[in-house]
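Every number in this text was worked out from the coordinates using simple rules, so none of it is lab data. Worth saying up front: this structure is predicted, and the values here are computed from it rather than measured. Cβ atoms come from the backbone with ideal geometry, glycine included; neighbour counts cover every protein chain shown.
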């Protein structure tokens, strides 16, 4: 099989890259192993994680860095030990994780919780593999990485619809699934953005009795109701919103990344033994809470990080079977700098997807 292609991508060279200063240049991918797959990228979603990483918001970034971890394309090289029956030409995708230890002694990997592997966990970009090689993401022409974290894309899902699901989608699907979203449950989704819009759609298709969209203003109410919300709370427009809707929800999934969130009021919305799950990742700390906010109702606060390979496959199957479609705006890959700036300004409705215009025609 031909491997005469060059790995080139839009590179962040320093913290200023988040201001739309990515540079298109060549780089050396990880050493190819027989468990790996090379993907010719056609689509890549733009995730808020890309912005946090470009500006070193969560910690020092391994510059130079190619971000992008919502990747879809076609397999162009497949190692002899690749998993899942992937073949050259298959339409495949990669999410936010590209490797874990996968060792028999690893409790997380052997129980299907690879995203929580405590031995060796490689992000799809700005991270390192076990051999020390650096990982590079999807604002690029090609991607290389372990087949265990590569997924066949169902025929029913267009590539631009599927790409953002591989991080944004599963990040919300996972806590809904794990925490029992379904018939008999009343679920709230805080934040109607790239993550939140998936939360509304998935909660609806999981059969939740009520799906409540929670946002600061009612500006996105019409969209939220179309996505599957049965009710809407605008926290800046109803001074007594927490009291008016107290004790009404079994589960809240918070997608927002603001350290100024009204956490105590969110907990008031929970019923006895309710759960609040945080998935948005602020660069600063969450606000403090009074212990009695938890004690009186026996409620719990937890967190969730992306999803396991199995959950990604389950999510893709659900989306394909139930016709769940990302609300996305496609942008040419060569315009990624403007897309990053617009994403930072909050203009996405609700996910930007970068399209490699030449390879996407194949």
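Descriptive notes on the structure:
- Inter-site label distance for residue 286 and residue 357 at 7 Å from Cα along Cβ, in nm: 4.4 nm
- When the chain is treated as a Gaussian network with alpha carbon springs shorter than 10 Å, the biggest mean-square fluctuation among 18, 296, 78 belongs to 296.
- Build a GNM of the chain with springs between Cα atoms under 10 Å apart, and of 195, 316, 102 the one that fluctuates most is 102.
- Beta bridge orientation in the chain: antiparallel %, DSSP, nearest 5: 55 percent
- Helix axis angle, 168-178 relative to the chain longest principal axis, alpha carbon, degrees: 50 degrees
- Sorted by Cβ density within 10 Å, fewest first, the residues 128, 331: 128, 331
- q = 0.09, 0.15, 0.20 Å⁻¹, the stretch 52-177: log10 I(q)/I(0) [Debye, one scatterer per Cα]: -0.26, -0.74, -1.33
- Rounded Å value of the spacing that divides the Cα centres of the stretch 29-74 and the stretch 214-283: 31 Å
- log₁₀ of I(q)/I(0) at q = 0.11 Å⁻¹ - the stretch 169-303, Debye sum with one point per alpha carbon: -0.33
- Annotation: the residues 63, 139, 350, 266, sorted from fewest to most other C-beta atoms within 10 Å of their own C-beta, follow the order 63, 350, 266, 139.
- Across the stretch 195-348, the relative contact order, built from alpha-carbon pairs under 8 Å that are at least six residues apart, equals 16 percent.
- Cα gyration tensor, the chain - rounded (a/c under 1.5), prolate or oblate: prolate
- Sorted ascending by nearby beta carbons within 10 Å, beginning with the fewest, 198, 24 become 24, 198.
- 222 nm mean residue ellipticity, helices alone, for the chain (DSSP H n ≥ 4; -39,500 (n - 2.57); rounded to 500): -5500 deg cm²/dmol
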